Amino acid sequence: MFSRSTACRGAQRAARQAAVRPSQRRGLAAPASGSFQYQSGEANGVKYASRDYAGPTTTLALVAKAGTRYQSLPGLTEGLQHFAFRSTERRSTLRIVRESELLGAQLSAYHTRENLVLEAKFLRDDLPYYVELFGEVAASTKYLPHVYLEEVLPMIHFAHKRFLADPLDMAINSAHSLAFHRGLGNPTASTSSHPYTKYLEADTIEWYSQFAYAKPNFALVANGAEHSELSKWTSEFFNGVPDKPAEQILAGTEQTKYYGGEERIAHDKANAFVIGFPGSSSFTGKFYKPEIAVLGSLLGGESSIKWSSGFSLLGNAKASPGTKVKTTSAIYSDAGLLYTAITGNAEYVAQTAKSTVELIQKIAAGEISQELFSKAKAAAKFKELEYGQDIAAGIVYTGSGLVSNNQAYQIDEVAKAIDGVTEETVKSAAKSLLEQKASVSAVGDLHVLPFAEDLGLKV
Amino acid sequence: MSAPSLAPYIMKRPWLHKWVAPLAKWYGNAAGYRQLGLRADDILPEENDVVQLALKRLPPKEAYDRVFRIRRAFQCSVSHQLLPKEEWTKVEDDTPYLTNIIKEIQVEMAEREDLEAMVITKRAANDASAKSAH
C-alpha cells in the first residue's frame, strides 16, 4: 500500500509551501494586483507568460508550436496530443490520473491548427505540482508501442469518424486546404485512415515530441498565478527538456501563401457551405488588419441577443430561421481566413450563400448605414475583449504569440486597434475581398448547392 | 503467473550462484524443451489475463516466431521425434522475452491495487498547522 507521503506528494508540498510563505497567498476578497495584461519572461530558456487575477484557481497551459500546420507527417499532432499525460519515466498514467483527482484538478490536451495545448486547471496552491508534471510530460513521456496501440490509436480513429460525420467540419477544413494548401491547410483531424495505417507509429511520435517539446518551440502560460512563482518553478522543473530540437523540421514554417479555389464533396448527412477570403493574422503577427474583425461581425449571422435575429447583415438576410450562418475571422500567426459557414436545408443554404456575396458587394459599394457600422464595431470590440477574458482563447493566443513572434497577446491593444477602424477601411477591405480569389467549399447535396461561379465569386 | 522462486536469493550470493549454476544448466537441458526448439518463455501457462495481455504486446516479429516454435514443437511431439541437434535451442537464445512484459503488467496491476486501497486523509489546512502535521 502506498504511504500517504508518496501518494499525495504534490499535495503535501503545495501545502507546505503555502505554510512557509503565507504572505504570498491572497484571499478572494483582496484586490487583484494583476491586470488584464500578460507579463512574460524567460526562465532557463523556457518562455512563459502569466496573468495574475484574484481567484482561488489557476489555469496552466503548455502551448507547443506543434499544431497540424507543423506536422511533417499526417497525424503526428493528434498522436502527440493523445500521448500527453501518459506514463512518464517517473509516474504511470494511472498515477498521474489519481494524483490529479486527489488534487481536484482537470487535465486536458487539444490541438488547433498551429498549436498543441496541454492544459491543467487546479487550485492556486498546487502550481508547483503541475509545473513539475508538465516538465515531466514534455521531457520524459514514454512512447511505448502498446500504449499507442491500446490507448492512442482508438482515439485517433474516433476523431476520424467524428470528422467524417460532420459536414461543417469537413467544409471548414476543405476551405482551409483550398486557401493555404499545405501548412495551415492541413486538416485538423484525419480525413482518411492513411495517417494511422501508413505513417504513424510510437517511434515517429516520439521523434516529433523531441521537436515539439524543445525549449524554443513551446511556452508556458498561466492564468491566476503569481509571476514570480511561475518563474521560479519553471526554472526548476524544465531541466530535462532539450535546449533545441535535435532536428529542425521545416514543414509549415515558411510564410503562408493564399491560394483559393473551389471544392465540392458529396455527403448524405447534411449540407454545409463555406465561403472563405484571405483574412487577418493575429495581433502578434505581421498582417494584422482590425477591419477584418469588424467586417466579420458586420456580416455576422449569429445573434448575440435572445429573441432577436440580431443586427448583422446575414442574420437578417438568411433564407430561413432554421439556417445557421456564422462568419468567423480565423486568425493565425502569419495569415488568416475570413469565412462564412452556412448549414441547413440545401435550398436555403444555396439562397443564403447567394445573399452573402451580394451583401459583401453592398458593403464594398458603401451602401451600409452608419448605425449598422457602429453596431458592428461595438460587437467586434466586445467579442475581442470577451475572447481575451476567456481563459482558454487567451492562453492559446498568448502561447502562440510567445513562441512564434516573441510577444504575448495583449488584449487591450487589440481593442484599441478595433477602435481605430473607420467605415472607409471596412469598405476597402470588402472591395479587396471580391478582387481576390475566394475559397469555396460545398459539402452535401451537390445537385442543389451552387458553384462559386454562380455566386459571382472568383475562384 | 509464476511459483515462488529462489533465483533472486541465489543470484545475490555469488558463492551460492557459482555452486547452483551448473545444476541449473543441467536441469535446463534435461527439461527437454530445448530439444523441441522451444524457449522457456514459450511454455509458460498462458491461460490467464496477464499473459494474454503480454502476448498482445509482443512485437509482431516475436509473436510470429513464438507461434512458429510452438507449432514445430507440437509436430515433433506428435511424431515422437526430437529436432536435429543443430536446431535445438541454444542456451544464449533462451531469453526471457515474455517474462519482462509480464513483470511490467504485474507492476501496473499492483499499482492499481495499491491506489485502490489507498487511505486518503484530508489535506491539512494551509496554515501553520500543516507544518506540524508532517
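Element breakdown for the protein assembly as shown at a 1.4 angstrom probe: carbon and sulfur atoms account for 56% of the accessible area. Could you work out [θ]222 nm for the protein assembly as shown from helices alone, using -39500 (n - 2.57) per DSSP H run of at least four and dividing by all its residues? Round to the nearest 500 deg cm²/dmol. Taking each H run of at least 4 residues, the total per residue is -14000 deg cm²/dmol.
Select from A:His111, A:Ser87, A:Val97 the residue farthest towards the positive end of the dipole of segment A:85-126; place +1 on Cβ of Lys and Arg, -1 on Cβ of Asp and Glu, and compute about the Cα centre. In segment A:85-126, that residue is A:Ser87.
Applying 1/(1 + (r/R0)^6) with r as the Cβ-Cβ distance of A:Asp454 and B:Asn48 and R0 = 56 angstrom yields a FRET efficiency of 0.25. Under 15 Å from a point 7 Å along the Cα-to-Cβ line of A:Ser72: which residues of segment A:199-219 have their amide N that close? Counting only backbone N, you get A:199-201, A:203-214. Inter-part distance, segment A:252-296 to segment B:27-78, computed on C-alpha centroids, equals 58 Å.
Within chain A, which whole H helices from DSSP have a Cα span along their axis of at least 24 Å and a mean Kyte-Doolittle hydropathy of -0.5 or more, if any? List each step's numbers first, then the result.
Numbers: long enough: A:346-365 (29 Å, 0.25); A:370-389 (28 Å, -0.76).
Flagged H segments are A:346-365.
For segment A:240-315, compute Rg over Rh where Rg is the Cα radius of gyration and Rh is the Kirkwood radius from the inverse mean 1/r over Cα pairs.
When Rh is taken as the Kirkwood radius, the ratio is 1.13.
Highest GNM mean-square fluctuation among B:Asn29, B:Asn100, B:Asn48, for chain B modelled with Cα contacts below 10 Å: B:Asn48. When the alpha carbon coordinates of segment B:32-133 are projected onto the principal axes, the ranges are 77, 25, 24 Å, largest first.
To the nearest 100 Å², how much accessible surface do chains B and A hide from each other in total, with a 1.4 Å probe?
Roughly 2000 Å² of accessible surface disappears when B and A pair.
Taking every protein chain into account, the accessible area of chain B amounts to 74 square angstrom per residue (probe 1.4 Å).
State whether segment A:321-444 is rounded, prolate or oblate according to the following rule on the C-alpha gyration tensor (a ≥ b ≥ c being the square roots of its eigenvalues): a/c under 1.5 gives rounded; otherwise a/b larger than b/c gives prolate, and the remaining case gives oblate. Prolate. Less than 5 angstrom separates the built amide H of A:Thr57 from those of A:Arg124, all sequence-distant by 5 or more or on a different chain.
Could you tell me whether the protein assembly as shown comes out rounded, prolate or oblate from its Cα gyration tensor? Rule is a ≥ b ≥ c as square roots of the eigenvalues, rounded for a/c under 1.5, then prolate if a/b exceeds b/c, otherwise oblate. Oblate is the answer for the protein assembly as shown, as a/c is 1.5 or above yet b/c matches or exceeds a/b.
Taken one residue at a time, the phi angles of segment B:5-19 give Karplus couplings (6.51, -1.76, 1.60, θ = phi - 60°) of 10, 8, 3, x, 4, 6, 4, 6, 10, x, 5, 6, 4, 4, 7 Hz. Gly and Pro are set to x. Think of a 1.4 Å ball rolled over the protein heavy atoms: segment A:305-394 then has 47 Å² of accessible area per residue.
Shape class of segment A:131-212 from the alpha-carbon gyration tensor: prolate, with a/c at 1.5 or above and a/b greater than b/c. If R0 is 41 Å, the Cβ-Cβ spacing of B:Ile120 and A:Ser235 corresponds to a FRET efficiency of close to 0.80.
Residues whose amide H falls under 5 Å from that of A:Gly261, counting only those 5 or more places apart or on a different chain, are A:Ala438, A:Ser439, A:Val440, with hydrogens built in the peptide plane.
When chain B is treated as a Gaussian network with alpha carbon springs shorter than 10 Å, the biggest mean-square fluctuation among B:Ala117, B:Ala31, B:Ala21 belongs to B:Ala117. Mean per-residue shielding of peptide B:102-115 is 3, counting Cβ atoms of other chains within 10 Å of each Cβ.
Each of A:Ala54 and B:Leu16 was given a label point 7 Å from its Cα along the Cα-to-Cβ line. The distance between the two points is 6.8 nm. Do you know the Lys pair count in chain B for C-alpha distances under 25 Å, with sequence separation 8 or more or different chains? Lysine pairs meeting both conditions in chain B amount to 12. GNM remark for chain B: springs join alpha carbons under 10 Å apart, and the peak mean-square fluctuation among B:Arg34, B:Arg123, B:Arg112 falls on B:Arg123.
The values are calculated or read from the model by the stated rules, or taken from the named source; none is laboratory data. Predicted model, so just to flag it, every value in this text is computed and none were measured. No Cβ is skipped: glycine too gets one built from the backbone with ideal geometry, and neighbour counts run over all protein chains shown. With ligands, DNA and RNA removed, areas are computed over all heavy atoms of the protein, side chains included. Shrake-Rupley method; radii C 1.70, N 1.55, O 1.52, S 1.80 Å.
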